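A.B. asks: Questions regarding the structure given below will be posed in turn.
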Ligand SMILES: Cc1cc2nc3c(=O)[nH]c(=O)nc-3n(C[C@H](O)[C@H](O)[C@H](O)COP(=O)(O)O)c2cc1C
């Protein structure tokens, strides 16, 4: 696919077969593509956690337990326990949050760019992808589960799987561009 096709074809799509495996080598390749993002000061601030198989369910249990202890309604807890099993791979993209405020901001920008590289790579390889959010209140539980230090923030949770349906394409408003010459 040429670049326009890949960029326009990427959709936030969770219509995947949760049992059709995505090879580890392909996920590792996508993570390698992620690292080709621009990165001011070359801090390489990202790290990744890949959950597949039973780990997806254990992750949901860990987050659900924290939500339950915090008094979340049963329905929400039940959803947390099951939602990460919806795709064969769940990838967590973390950023190391050290340095001054500018460095932290730029490192997070770089990691978001890395995540987009990964999503576009997934699209080019025919995978569906979905950038989801994890509520801030559950980040500690996610950190503990993944074994990352407290100074890491979660930038993205990405579901990956082989598509079983097409997601609607949200139209893009025409961007405002100011041309100065
Ligand atoms: C930082 C970030 C967090 C997101 N979190 C969620 C989310 O929690 N749930 C969700 O349905 N989509 C989430 N999305 C995906 C957007 O909803 C999606 O990109 C948007 O609807 C446009 O659709 P498209 O990606 O198919 O073009 C997130 C996207 C970003 C960049």
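The values are calculated or read from the model by the stated rules, or taken from the named source; none is laboratory data. Because the structure is a prediction, the values reported are computed rather than measured. Every residue, glycine among them, receives a Cβ derived from its backbone with ideal geometry; neighbour counts consider all protein chains shown.
A.B. asks: At positive phi and in contact (Cβ under 8 Å) with a residue 24 or more places away in the chain - does that describe any residue in segment 106-127?
C.D. replies: Yes, segment 106-127 contains a residue that is at positive phi and in contact (Cβ under 8 Å) with a residue 24 or more places away in the chain.
A.B. asks: Another question, if that's okay. Go through segment 123-146 and report how many residues are more than 12 Å from the ligand (Cβ to nearest atom), part of a helix (DSSP H, G or I) and under 18 Å from residue 10 (Cα atoms).
C.D. replies: 1
A.B. asks: While we're looking at this one, here's another question. For residues that are out of contact with any helix residue (DSSP H, G or I) (no Cβ under 8 Å at 6 or more places or on another chain) and within 16 Å of the ligand (Cβ to nearest atom), scanning just segment 12-43, find the one that is farthest from residue 104 (Cα to Cα).
C.D. replies: Step by step, filter segment 12-43, then rank; the result is 15.
A.B. asks: Collect the residues in segment 134-165 that are under 20 Å from residue 98 (Cα atoms) and within 16 Å of the chain's Cα centre (by Cα), keeping them in residue-number order.
C.D. replies: Answer for segment 134-165, where residues must be under 20 Å from residue 98 (Cα atoms) and within 16 Å of the chain's Cα centre (by Cα): 136, 139, 142, 143, 146, 148, 152, 153, 154, 155, 156.
A.B. asks: Do we find a residue being in contact with a strand residue (DSSP E or B) (Cβ under 8 Å, 6 or more places away or on another chain), in contact (Cβ under 8 Å) with a residue 60 or more places away in the chain, more than 21 Å from residue 32 (Cβ to Cβ) and surrounded by 18 or more Cβ atoms within 10 Å (Cβ to Cβ) anywhere in segment 133-142?
C.D. replies: Scanning segment 133-142 turns up at least one residue that is in contact with a strand residue (DSSP E or B) (Cβ under 8 Å, 6 or more places away or on another chain), in contact (Cβ under 8 Å) with a residue 60 or more places away in the chain, more than 21 Å from residue 32 (Cβ to Cβ) and surrounded by 18 or more Cβ atoms within 10 Å (Cβ to Cβ).
A.B. asks: Taking helices (runs of 4 or more DSSP H) that do not extend beyond segment 11-102, which have at least 1 residues that are out of contact with any strand residue (DSSP E or B) (no Cβ under 7 Å at 6 or more places or on another chain) and more than 26 Å from residue 162 (Cα to Cα)?
C.D. replies: Helices (runs of 4 or more DSSP H) meeting the threshold: 54-69, 74-83.
A.B. asks: Within segment 150-174, track down each residue that is away from the ligand (no atom under 14 Å from the Cβ) and either without any contact (Cβ under 8 Å) to a residue 24 or more places away in the chain or out of contact with any strand residue (DSSP E or B) (no Cβ under 9 Å at 6 or more places or on another chain) (or both).
C.D. replies: 150, 174
A.B. asks: I would also like to ask the following. Within segment 106-122, is even one residue surrounded by fewer than 21 Cβ atoms within 10 Å (Cβ to Cβ), more than 13 Å from the ligand (Cβ to nearest atom), in a loop (DSSP other than H, G, I, E, B) and at pLDDT 95 or above?
C.D. replies: Taking every residue of segment 106-122 in turn, none turns out to be surrounded by fewer than 21 Cβ atoms within 10 Å (Cβ to Cβ), more than 13 Å from the ligand (Cβ to nearest atom), in a loop (DSSP other than H, G, I, E, B) and at pLDDT 95 or above.
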